[in-house]
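What follows is a single structure, written as C-alpha cells, with notes after it.
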Amino acid sequence: MSPPGRLGLLGALCLCSVFDAVCLLDSGMLFPRESSSRELKELSGLWSFRADKSANRNQGFERAWYKSRLAETGPVIDMPVPASYNDITQDPTLRDFIGWVWYEREVVVPARWVADEGTRVVLRVGSAHYYSVVWLNGVKVTEHKGGHLPFEAEIGSLIRKDPSTPCRITIAVNNTLTLETLPPGMIQYMDDRTKYPAGFFVQNIYFDFFNYAGIHRPVLLYTTPQAYVSDITVVTDFLDNTGLVKYQVSVQGATTATLKVTLMDKDRHCVASSSDQSGVLKVVDVKLWWPYLMHETPGYLYSLEVRLMAADGRSTYEDVYTLPVGIRTVNVTSTQFLINNKPFYFHGVNKHEDADIRGKGLDWPLIVKDFNLLKWLGANSFRTSHYPYAEEILQMCDRHGIVVIDECPGVGIKDIRSFGNASLSHHLDVMDELVRRDKNHPSVVMWSVANEPAAEMPPAEFYFKTLIKHTKALDPTRPVTYITDSNYARDKGAPYVDVVCVNSYFSWYHDPGHLEVIPIQLNTQFENWYGKYQKPIIQSEYGADAVSGLHNDPPMMFSEEYQKIVLQNYHDVFDQKRKQYVVGELIWNFADFMTAQGITRVVGNKKGVFSRQRQPKAAAFLLKERYWRLANETGRLPPWTKYPCSL
C-alpha cells in the first residue's frame, strides 16, 4: 500500500423461485452471535492512539509504525473504542484532524482458540471512518474502503505462528474524503503564504454534519468451526394465515454437509423445519411482523436456527447460527405503501448517529434513550440519514417494530466528477455491502441510494439508472429510492425510483420568515411530482432551526414558536395529500446534531425537535400529539396504545 501524499491524503484508495431473481453475494457478513459452536471476545475499551501529524501524514507508513508497539514510535494517548476521536481531548488540532490516525490494542487470545486448528478466528471491525488498514503483529490482514459498514479478516493462522507472542492489533484509519468516496469531499491546499502557513489545507465537504472519524463501532474476535454457515438469505411472504419463509444457506469449508433448519416461535417451539440448503418453510397460524402502532403485537420475531454438520476426513465440525426472522411483505402501488397488504403511513423522523463527546460512537444508553423517545413521540419509522446505522440499532427496530428506510452514504454528490466511473463502481460496492448486511432485517422496508444529489446534471441519469437497477437486482423484494430536492422537471434519476422522497424547507431556506408561502409551495411541489411520475411520495425532510429556550411572539426564525408553526403549516397540507398519494412525513430532525463550523450554524444544526441532550422543544409535543392521532385514526389499535409507552 502506498502512503498518501500531497496529491491526496487518501492515496491508499488508488490501491427456488424468488432466489432465481436475487443476486446472491459471494460471501456473507452475518452479525456475530454466540452459540454452542461460536464464541465472541469484545475488544471495546481503551486503545493506544496516535495521530500522524507529520506534514504529509505519511510518517506512520514511512517508519512502519505497525511493526512495533505503537508506544515505541512516539507519544500515545488513551482512546476509547467505539467512539469518534474528535471530541475526546482538549486538543483543537485533533478535533478537526484530517489524515491517518493509528489505534493499537494487545489482546490475550484464549488458549483453546490457538490450540484447536479446527477453529477459525476472525477479527471484525463494526465500522471505521473512512479508510482502514489492519495489521496483526505487524502483518497486514485486511483493508477496507468506506465508513459505516463492517469488515473482517480471518487471523487464526497468524496467532498460531507464535502462540507465546501477544496478539497485537494495529488499525490505521484515514478520514480524508475525495471526489470518489462516499460521501464525497475534496482537499484544498492554500498556497498563498501571505494568508496561510506552509502546507495549509482544508477538507471541503458537501454535507451538513460533522465529519466525525475513528473506530465507531465495536471491534471483536469471534470463532467458527472450519466448516461453517457463512451466510443466510431469508425472504418472507404469507397466504391467508400461512407464513412462507424462503431461505438459502451458504456454507464454507465443506464440500458436503448435513443441515438442519428449524424455525421457532418466541416460546422456542418448532413451527417448521427442513434438512435442505434452500427451500420454503410453511408456518401455520402465522404471526406477522407488524410496525409499531399498527398492531397490538408489533415486531414479532421467529428464530431460524441453522445447524450444520460436516466432516473433512480428519475432523467433524458442527456449527450453529440463529437468525431472527420477521414474516412480512412490502409492496408499492401508484398511491400507497403497503406492509402486509395494509396501507402504511410513515410518521417518523430523520436521525443522526451523533451525541456529545462520543460523536458517532456506538453507545447503548443513548440508543435505548432514543428508542424510548421515538415511542413516546408515536413515531413508527425513521430514515438512516445519511449513512447506514449500526446493526445493533436495526436489531432494536426489528424487535420494536420501527420501520426503517436504509440509506447508504451517498450524501453530497454535487460535483460532476463524482458521477464518473470510479465513483459509480465504489457506490455499487457500497450497496453490495449494505444489502448483504441488512437484507434480513424485517424493519428495513426500502433502500435509499443517495441524498440530495445534483440529479439535474447530464451524467446523473446513467449513474442512478445503473445504481437503482443494481440495487433492485440485489434485492427485488424492497422498493428503492433516493432523496431529492431538485426541480422535478430537471431530475434525471427520479424515473427509476419506486417511491419519490422529497426534501423541502419552505419559509426557511426559501422565502425565510414568510410562513404564508408554505401551503401554496408545498401543494405545488406535491402536484408537480405526482403529476409527472405517478408514484407515492414521502416528505422525507422538512423543518426549521430552533434554539432551545428561545421564544418570540409573534414567531421569529430560530424561536421554538417559529419551528412549531412551520410544522403546523406543513401538517395541514399533509392531511390533504395523504388521502391521495402522500405516504409519509419524516421530520428533520429528531435531535440537534453537530456540523462543521460556519456562519450558518451556531454550534451545530438546531432543527431537532429534541436538543442534542435529548430534551424536548415545543415541536416535540406538537409531533407527539399528531403522531398518536395518526396512529389511532387507523382503528386497529388496542386501547392501551392511546398513550405513550416506554421500552
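The values are calculated or read from the model by the stated rules, or taken from the named source; none is laboratory data. Owing to the predicted nature of the structure, the values given are computational and were not obtained by experimental measurement. With ideal geometry, Cβ positions are generated from the backbone for all residues, glycine too; neighbour counts draw on all protein chains shown. Note: areas computed on protein heavy atoms with side chains; ligands, DNA, RNA excluded. Shrake-Rupley method; radii C 1.70, N 1.55, O 1.52, S 1.80 Å.
From the list 405, 393, 413, exactly one residue is open to solvent by less than 30 Å² (accessible area, probe 1.4 Å) and assigned to a loop (DSSP other than H, G, I, E, B). Which is it?
When all the criteria are applied, what remains is 413.
For the list (1) hydrophobic (A, V, I, L, M, F, W, C); (2) surrounded by 14 or more Cβ atoms within 10 Å (Cβ to Cβ); (3) farther than 24 Å from residue 628 by Cα, I need the number of the one condition that residue 270 fails.
Among (1) hydrophobic (A, V, I, L, M, F, W, C); (2) surrounded by 14 or more Cβ atoms within 10 Å (Cβ to Cβ); (3) farther than 24 Å from residue 628 by Cα, the lone unmet condition for residue 270 is (2).
Have a look at 368, 449, 435 and point out the one that is more than 30 Å from residue 622 (Cα to Cα) and part of a helix (DSSP H, G or I).
435
In the list 561, 516, 527, which residue meets the criterion of being surrounded by fewer than 21 Cβ atoms within 10 Å (Cβ to Cβ), among the acidic types (Asp, Glu) and touching an Asp or Glu at 6+ places or on another chain (Cβ under 8 Å)?
561
Does residue 423 fit the bill of being assigned to a helix (DSSP H, G or I) and open to solvent by less than 10 Å² (accessible area, probe 1.4 Å)?
yes
Quick one: what pairs do we get from the range 26-38, first residue within 15 Å of residue 152 (Cα to Cα) and outside any loop (DSSP other than H, G, I, E, B), second modelled with pLDDT under 95 and open to solvent by 50 Å² or more (accessible area, probe 1.4 Å), C-beta under 6 Å, 6+ apart or different chains?
Listed by first residue and then by second, the contacts come to nothing, as the list is empty.
Considering only residues that are surrounded by 14 or more Cβ atoms within 10 Å (Cβ to Cβ) and part of a helix (DSSP H, G or I), which ones fall in the range 68-106?
70, 94, 95
Test each condition in (1) at pLDDT 95 or above; (2) more than 30 Å from residue 47 (Cα to Cα) for residue 184 and report the one that comes out false.
(2)
Which condition number in (1) part of a loop (DSSP other than H, G, I, E, B); (2) open to solvent by 10 Å² or more (accessible area, probe 1.4 Å); (3) within 26 Å of residue 420 (Cα to Cα) is the one that residue 143 fails?
Looking at each condition in turn, residue 143 falls short on (1).
Looking at 171, 215, can you tell me which residue is touching a Ser or Thr at 6+ places or on another chain (Cβ under 7 Å), of a type in the set (A, V, I, L, M) and assigned by the TED database to the domain that holds residue 128?
Answer to the check: 171.
Consider the range 287-345. How many of its residues are open to solvent by 40 Å² or more (accessible area, probe 1.4 Å), modelled with pLDDT of 95 or more, among the basic types (Lys, Arg) and assigned to a loop (DSSP other than H, G, I, E, B)?
Final tally of qualifying residues: 1.
Inside the range 459-506, can you point out the residues that are touching a Lys or Arg at 6+ places or on another chain (Cβ under 7 Å), of a type in the set (A, V, I, L, M, F, W, C) and within 23 Å of residue 573 (Cα to Cα)?
Passing the criteria: 499, 500.
Might you let me know whether the range 354-374 holds any residue that is modelled with pLDDT of 95 or more and within 23 Å of residue 526 (Cα to Cα)?
no
Taking residue 497 as meeting all but one of (1) open to solvent by less than 40 Å² (accessible area, probe 1.4 Å); (2) closer than 30 Å to residue 356 by Cα, write down the number of the exception.
Failing condition for residue 497: (2).
Please work out which residue is farthest from residue 402 (Cα to Cα), limiting yourself to the range 359-385 and to residues that are basic (Lys, Arg) and surrounded by 21 or more Cβ atoms within 10 Å (Cβ to Cβ).
360
Determine, yes or no, whether residue 211 is of a type outside the set (Gly, Ala, Ser) and under 30 Å from residue 124 (Cβ atoms).
yes
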